[in-house]
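Here's the structure, in structure tokens; my notes come after.
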Amino acid sequence: MRIFAIESSCDETSAAIILDGRQVLSNVVTSSEKLFAETGGVIPEEAARKQLEVMIPVIHACLHESKLQSSDIDAIAVTRGPGLLTSLLVGTTTARALAALWKKPLIGVHHTLGHLASPWLTAEKPIDEIQFPILTLSASGGHTDLWYRTSHTKGKLISRTRDDAAGEAFDKGASMLGLPYPGGPSFAKAATTGDAKAFAFSNPLAGTDTLDFSFSGLKTALKYTIRDTANWQDRIPDLAASFEQAICRHLVDRIEQALETYDETREVHLVGGVSANTSLRAMVQKRIQLPMRVSTSLRYCTDNAAMIGSAAYFLQQEMGDAAYAPFTTQASLPLESVVQA
Ligand code: KG4
Ligand code: ZN
């Protein structure tokens, strides 16, 4: 089954064609990242304006790259939420128009289900069969949650962040240190030459019996550390490394704790933009005994249409025609709707 997918939930515009949920035949991603590097963050209406301009060229590029035509496509998939409403509407309106024009069924996908499907993606031949049950840490600019899944659509949300997301902590931390947007990659780069033990940041929600995450305290701690450190501008690598270490430690602590309860787990997956972080990957490999799986390419960690095409395929496989049900475009969509008990 070949699915043509569109994703435009934030500042990116992406189109992809996915074969049987796994093989990426084409994945084109453009982003207004450079535009927003100047403003230090995304301006929603500007993002949507740019997406309107590039959507059709991106679709053409995607078809061209795959050497396929609309007649080779079996279904269309699109991110229906959550995200910036104006950006989402550019994607869903385009997808509805294409579905009508090409006479194909349409599948609306929760953005998070896309991230959860990203470890299945590969540009070459399909990777080994992935083993459920899976514990997945999904961490990006908008969410940080832990999932236990027995299939693509069955399982439960174990915990989530009580305040900021992990990627948001990187983004805000980077802006405090004067590092460019998006914060995660520039933070990770600055941290490579720093000493992670130089500054001590305490563990969030320490002493409480919870699997939830919290990052706002770390952000405040970074603010005070900068205020109280003379010539902090000369210590940016140490500050970045110590703060990065604290974020990763909090994420891995929670995976470790969750595995005590969910002891039938066979694989641990890291998805979302923050899963691109190499310190996080190294820490999971060091502390967690189970096989760890991340996307086969960094391009599938951050927002992209390939993961939406993959999730749509698995939705169709597990739900049948119910996957084609009409849907609304929504800026906020409950996380609980991603999987069913
Ligand atoms: O999944 P994503 O592309 O978009 C959202 O759905 O939010 O994630 C973007 C987030 C941003 O906060 C970005 O700073 C973070 O992922 N990120 C990273 C890295 N690359 C991207 N965080 C830490 N280390 C990285 N290498
Ligand atoms: Zn995302």
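The values are calculated or read from the model by the stated rules, or taken from the named source; none is laboratory data. Computed from a prediction, not measured in an experiment: that's the story for all the values here. In this analysis, Cβ positions are derived from the backbone assuming ideal geometry, glycine residues included, and neighbour counts consider all displayed protein chains. Note: areas computed on protein heavy atoms with side chains; ligands, DNA, RNA excluded. Shrake-Rupley method; radii C 1.70, N 1.55, O 1.52, S 1.80 Å.
Quick look at the values:
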{"quantity": "Candidates 212, 238, 253 - the one that is crowded, with 17+ Cβ neighbours inside 10 Å and either within 16 Å of ligand 2 (Cβ to nearest atom) or under 15 Å from residue 188 (Cα atoms) (or both)", "calculated": "238"}
{"quantity": "Residue, modelled with the highest pLDDT, within segment 28-39, restricted to residues that are in contact with a helix residue (DSSP H, G or I) (Cβ under 9 Å, 6 or more places away or on another chain) and over 17 Å from residue 56 (Cβ atoms)", "calculated": "39"}
{"quantity": "Any pair with Cβ under 9 angstrom, 6 or more apart, that starts in segment 217-236 at a residue that is aromatic (Phe, Trp, Tyr) and ends at one that is assigned to a helix (DSSP H, G or I)", "calculated": "232/225; 232/226; 232/239"}
{"quantity": "Boolean, residue 150 is under 30 Å from residue 337 (Cβ atoms), hydroxyl-bearing (Ser, Thr, Tyr) and without any contact (Cβ under 8 Å) to a residue 60 or more places away in the chain", "calculated": "yes"}
{"quantity": "Filtered residue count, segment 203-224, keeping only those that are polar (S, T, N, Q) and touching a helix residue (DSSP H, G or I) at 6+ places or on another chain (Cβ under 7 Å)", "calculated": "1"}
{"quantity": "Only one of 56, 107 that is in a helix (DSSP H, G or I) and away from ligand 1 (no atom under 16 Å from the Cβ)", "calculated": "56"}
{"quantity": "Candidates 159, 151, 175, filtered to the one that is out of contact with any His (no Cβ under 7 Å at 6 or more places or on another chain), away from ligand 2 (no atom under 12 Å from the Cβ), of a type outside the set (A, V, I, L, M) and in a strand (DSSP E or B)", "calculated": "159"}
{"quantity": "Selection count where residues are over 29 Å from residue 172 (Cα atoms), under 21 Å from the mean Cα position of the chain (by Cα) and in a helix (DSSP H, G or I), scope segment 63-94", "calculated": "1"}
{"quantity": "Residue 166 being more than 24 Å from residue 78 (Cα to Cα) and open to solvent by less than 10 Å² (accessible area, probe 1.4 Å)", "calculated": "yes"}
{"quantity": "Any chance residue 185 is within 19 Å of residue 271 (Cβ to Cβ) and modelled with pLDDT under 95", "calculated": "yes"}
{"quantity": "Inter-residue pairs, beta-carbon under 6 Å, first within 17 Å of residue 48 (Cβ to Cβ) and in segment 22-33, second open to solvent by 50 Å² or more (accessible area, probe 1.4 Å) and at pLDDT below 95, 6+ apart", "calculated": "32/50"}
{"quantity": "Residues satisfying the stated conditions in segment 281-302, i.e. away from ligand 2 (no atom under 16 Å from the Cβ), open to solvent by less than 50 Å² (accessible area, probe 1.4 Å) and in a helix (DSSP H, G or I)", "calculated": "281, 283, 284"}
{"quantity": "Odd one out for residue 19 among (1) surrounded by fewer than 20 Cβ atoms within 10 Å (Cβ to Cβ); (2) away from ligand 1 (no atom under 16 Å from the Cβ); (3) within 19 Å of the chain's Cα centre (by Cα); (4) at pLDDT 95 or above", "calculated": "(3)"}
{"quantity": "Meets criteria (closer than 23 Å to residue 311 by Cα, among the β-branched types (Val, Ile, Thr) and within 15 Å of ligand 1 (Cβ to nearest atom)) for residue 144", "calculated": "yes"}
